[in-house]
Amino acid sequence: MSERKFAVIGHPIGHTMSPFIHKRLFELASLEGEYTVIDVAPEELPEKINELNKLAGYNITIPNKQEIIPFLDGLDKKAALYGSVNTVKNGSSREGFTTDPDGFLKALAAAGIPFEGNICIIGCGGVARTFVYEAALAGCDITIAVRPEDKEIRDALAAEVREKLGGKEISVCLLSELEESSLCPQLLVNATPVGMYPKTDAMPVSEKVIARSRNVFDAIYNPLETKLIRTAKEFGKTAVGGMAMLVWQAVVSHEIWDGTVYDTEDINKLILDSAKEMEKSFR
């Protein structure tokens, strides 16, 4: 097995920041590492698995995060909880991990945002699921706010987390109700695509809700600063965007593969450089 070959797999996978970010992380650690992109549809996994097993490790994106599990020898605790894998380490066995949760937590920590108290999560899709689980595990008081058409998905997510985590209470509401409520979140989290490029002049909530929130996290990473983030900063809030989570979850992959420790200032610079690269390559 080649010890220094890595890749990201997904389908389709034409636009990905992974090679840029991971190559820089190898450079920062003064380690050799070839990092490539491999397009793998779920139905192709059985015929591709021998090729993947020859890598030292690899990352996984949509739609293979669940489909890869039967081909692995084991999962870490978080990957088993989520039923999802985005990082594999090959060696004497093939182990699956999910780095998205720790990427989120490290992005908050690097920005000095405490993960405690009232957490309001806007949205109920895949990334929202990560935030709800992590907030529940941290003992936060959780509110999930969605559009009327997403009520059933929201309620199913809340029920799933309650069941898996021993009846953790989760409040739910509509975005319209959030506007009129007295809730003052310690952290407001946007887990929707509202404000993403090219529709960058939109926000998922009003300035009224932002003003009541102490800190803001936006999962969107294109642009680096959404209107939500800019508005929060204008109100004097601490706010961080999704590019930080994207880079920090890649950092966690390198911790798994090589035990690498990185300087926060170096990672903050990589976050900015990644945003510039994204604008240059994908717009």
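Read-outs: derived from the displayed coordinates by stated rules, not from any lab. Bear in mind the structure is a predicted one, so any value in this text is a computation, not a measurement. Here the Cβ is made from the backbone with ideal geometry for all residues, glycine too, and neighbour counts use every protein chain on show.
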task: Please identify every one of the GluC sites (Glu not before Pro) in segment 129-186 that sits in a loop by DSSP and has no more than 12 other beta carbons within 10 Å of its own beta carbon.
output: E169
message: Report, in listed order, any pair from K78/K233; K65/K168; K54/K89; K23/K233; K233/K269 with a Cα-Cα distance greater than 22 Å.
response: K78/K233; K65/K168; K23/K233
- prompt: If you take the charge dipole of the chain about its Cα centre, with +1 on Lys and Arg Cβ and -1 on Asp and Glu Cβ, which of N268, A79, P42 is farthest toward its positive end?
  reply: N268
query: FRET efficiency for E163 and V37, Cβ-Cβ distance as r, R0 = 35 Å, nearest 0.05?
result: 0.40
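Contour minus end-to-end for T61 and I49, with contour as 0.36 nm per residue of separation and end-to-end as the Cα-Cα distance?
Net length gain for the segment: 2.8 nm.
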- request: Could you check which residue among T264, T130, T238 shows the biggest mean-square fluctuation in a GNM of the chain with a 10 Å Cα cutoff?
  value: T264
task: Run the quick spin-label model on T260 and I13: label points 7 Å from Cα toward the beta carbon, then report their separation in nm to one decimal.
output: 1.8
field: Rg/Rh for segment 113-241, where both radii come from Cα atoms and Rh is the Kirkwood radius
entry: 0.94
query: With the chain treated as a Gaussian network of Cα nodes joined by springs under 10 Å, which of D102, D39, D263 yields the largest mean-square fluctuation?
result: D263
- line: Options (1) 59, 40, 31; (2) 77, 77, 30; (3) 60, 51, 33 are given for Cα extents along the principal axes in Å, and the computed one is (1)
